[in-house]
Amino acid sequence: MLKLENITVRFSGLVAVDNLNMHVQEKTIHSLIGPNGAGKTTVFNVISGLVKHEGRVIVDGKDITKVPVYKRVNYGLGRSFQNVIIFKYLTVLQNLILGYHSHAQYNHFDEIFSTNNYLKTERKALLKAIEVADILGIKGILGLYAGTLPYGYQKLIDVGRALMSEPKILLLDEPAAGLTEKESDIFKEKILRVKSEDVTVLLVEHDMRMVMDISDRITVLNFGKKIAEGTPAEIVNNEEVVKAYLGSSAKEVKENE
Ligand SMILES: Nc1ncnc2c1ncn2[C@@H]1O[C@H](COP(=O)(O)OP(=O)(O)OP(=O)(O)O)[C@@H](O)[C@H]1O
Ligand SMILES: [Mg+2]
């Protein structure tokens, strides 16, 4: 579903991503982990087209390296951000529908005169929002103002908005950051549900309980370089990974098994 080939990103002297090669298989949850500053968000920015880089990005067999940011959604890319961006004074439903705009096929003429084309698109957006809310279990709060909801829900809305564009691959940057243990467990279930809808998920997350529980595969970055790749069991037992990143949390994960 996603292939990164020889990706290198330089920021004035600093090599943030160093010749990264990575394959994400279709309909899997693939996690990208590593210490702070390892280059994970930068990899997401490469995939979304937000930073200059060397190498190629291939989504579902198509080379999108030169495709501008705003068109990448048409190639099946959806993304949520490390810092939640939702509209507090809009309802949950309105926030979701904003994620649909890239699919909207009408122009101002259609809008002003409420043409059939406009009404059809509006109806489709509404149906899609209800479907997405159903997947995420937030149907009951569609009418509430997003700003009044607990942080965990705001993060879900962010994911929901990305799902509105019907992505083939969803990039999640630290969805569990700032969540309580209970919220993070709920979130885990939602990500599994998204996967069951045949969406491929690429996850950046420091919550190792979540990563080890739901990932099919894990890639580990350290100083921009891939230092390991494998199943959760292979990763917790990899000495280099434990030394560079997991430390005591590897022990904890193993003890919990
Ligand atoms: N726009 C930028 N300009 C200059 N340096 C940057 C820029 N973005 C990131 N960096 C640097 O690149 C490196 C990788 O940063 P990145 O944000 O990708 O790390 P990360 O793995 O996502 O870390 P975290 O877990 O803290 O989110 C860091 O050293 C960071 O300071
Ligand atoms: Mg980051």
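The values are calculated or read from the model by the stated rules, or taken from the named source; none is laboratory data. Keep in mind the model is a prediction, meaning the values are calculated, not measured. Virtual Cβ from ideal backbone geometry, glycine too; neighbours counted across all protein chains shown. With ligands, DNA and RNA removed, areas are computed over all heavy atoms of the protein, side chains included. Shrake-Rupley method; radii C 1.70, N 1.55, O 1.52, S 1.80 Å.
Taking each residue of segment 205-228 that is on the phi > 0 side of the Ramachandran plot and of a type outside the set (Val, Ile, Thr) and looking for partners that are buried (at least 19 other Cβ atoms within 10 Å of the Cβ) and outside any loop (DSSP other than H, G, I, E, B) with beta-carbon atoms closer than 6 Å, six or more apart or interchain, yields Gly224/Ala16; Gly224/Val17. Could you say whether any residue in segment 43-57 is surrounded by fewer than 20 Cβ atoms within 10 Å (Cβ to Cβ) and more than 16 Å from ligand 1 (Cβ to nearest atom)? Within segment 43-57, one or more residues are surrounded by fewer than 20 Cβ atoms within 10 Å (Cβ to Cβ) and more than 16 Å from ligand 1 (Cβ to nearest atom). The set of residues in segment 111-129 being surrounded by 13 or more Cβ atoms within 10 Å (Cβ to Cβ) and touching a helix residue (DSSP H, G or I) at 6+ places or on another chain (Cβ under 9 Å) consists of Glu111, Thr115, Asn117, Tyr118, Thr121, Glu122, Lys124, Ala125, Leu126, Lys128, Ala129.
Of the residues making up segment 24-34, none is more than 20 Å from Pro232 (Cα to Cα) and more than 14 Å from the chain's Cα centre (by Cα).
Gly34 meets the conditions (1) open to solvent by 60 Å² or more (accessible area, probe 1.4 Å); (2) more than 14 Å from Arg56 (Cβ to Cβ) in every case but one. The failed one is (1).
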